[in-house]
1. Over its Cα atoms, what ratio of radius of gyration to 2.2 N^0.38 Å does region 21-71 give?
2. On C-alpha positions alone, give me the angle between the axis of helix 2-45 and the longest principal axis of the chain, in degrees, nearest 10.
3. Lys and Arg at +1, Asp and Glu at -1: add these up for the other residues within a Cβ distance under 11 Å of Val114 and post the number.
4. Might you report the magnitude of the Cβ-based charge dipole of the chain about its Cα centre, with Lys and Arg at +1 and Asp and Glu at -1, to the nearest 20 debye?
5. Rounded to a whole number, what is D in µm²/s for the chain from Stokes-Einstein with the Kirkwood radius over alpha-carbon pairs (4 °C, 1.567 mPa s)?
6. Which is the longest stretch in the chain that no exposed loop site breaks, taking sites as trypsin sites (Lys or Arg not before Pro) with a DSSP loop state and at most 13 other Cβ atoms within 10 Å?
7. Over region 52-149, what is the mean sequence separation of C-alpha contacts under 8 Å (at least six apart), divided by residue count, expressed as relative contact order in percent?
8. Report the residue, chosen from Thr23, Thr48, Thr145, that carries the largest GNM mean-square fluctuation when the chain is represented by alpha-carbon nodes joined by springs under 10 Å.
Amino acid sequence: MDELRRATDRERQQYKMRIEELTAQRDEWKQRCQQAEAKLKAFEQEPTLASLHWEGGVYHGNVRNKMPHGEGILRTLDGQNSFYEGQWADGKRDGKGKQYAPCQLGKETKICLVYEGDWQDGQRHGKGTEYAPCQVYDQQGQLETKMFLVYEGEWKDGKREGQGKAY
């Protein structure tokens, strides 16, 4: 009987050691998985260069989480050839940027800078300068259209607000 008890105790001890080994292996694999998931999440958070359809146009630039994030250009697909060039955050214009749109200069339609400045949450916000076409007479008395500064100052939520000067 004592021999059977000793054999059972030895076997129990071996099982206990094996359980401890397997538990240690499981914990090591859990830690490895957590590290791999953290690396993958960090990688997904890193902006990468890509092109994608955005706001009815084509965006080319830095993308994070399948949205514009960082520097990039958005060109419209409506035939107007308008575009925005600048900084983005989580899919919205945010930071410094320039907005271009078609403008009639004399008999020609050109792409003209219409706004340059700060953006926040997809709207003009902060300091910025707005431009518009204006007709003037040249030295020969001919009427011509040129781009002129029309407002320089502060913007809030897409509207002129605060310190600024209209021309």
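All of the numbers you see were taken from the coordinates with simple rules; none came from a lab. This is a predicted model, so every value here is computed, not measured. Glycine also receives a Cβ, built like all others from the backbone with ideal geometry; neighbour counts cover every protein chain displayed.
1. 1.80
2. Value to nearest ten degrees: 10.
3. Values: positive: Lys98, Arg124; negative: Glu116, Glu130.
Charge balance near Val114 sits at 0.
4. Using only the charged Cβ atoms, the result is roughly 280 debye.
5. For the chosen part, D equals 62 µm²/s.
6. Answer from the scan: 1-65.
7. Numbers: 222 pairs, mean separation 15.8, N = 98.
Contact order relative to length: 16 percent.
8. Thr23
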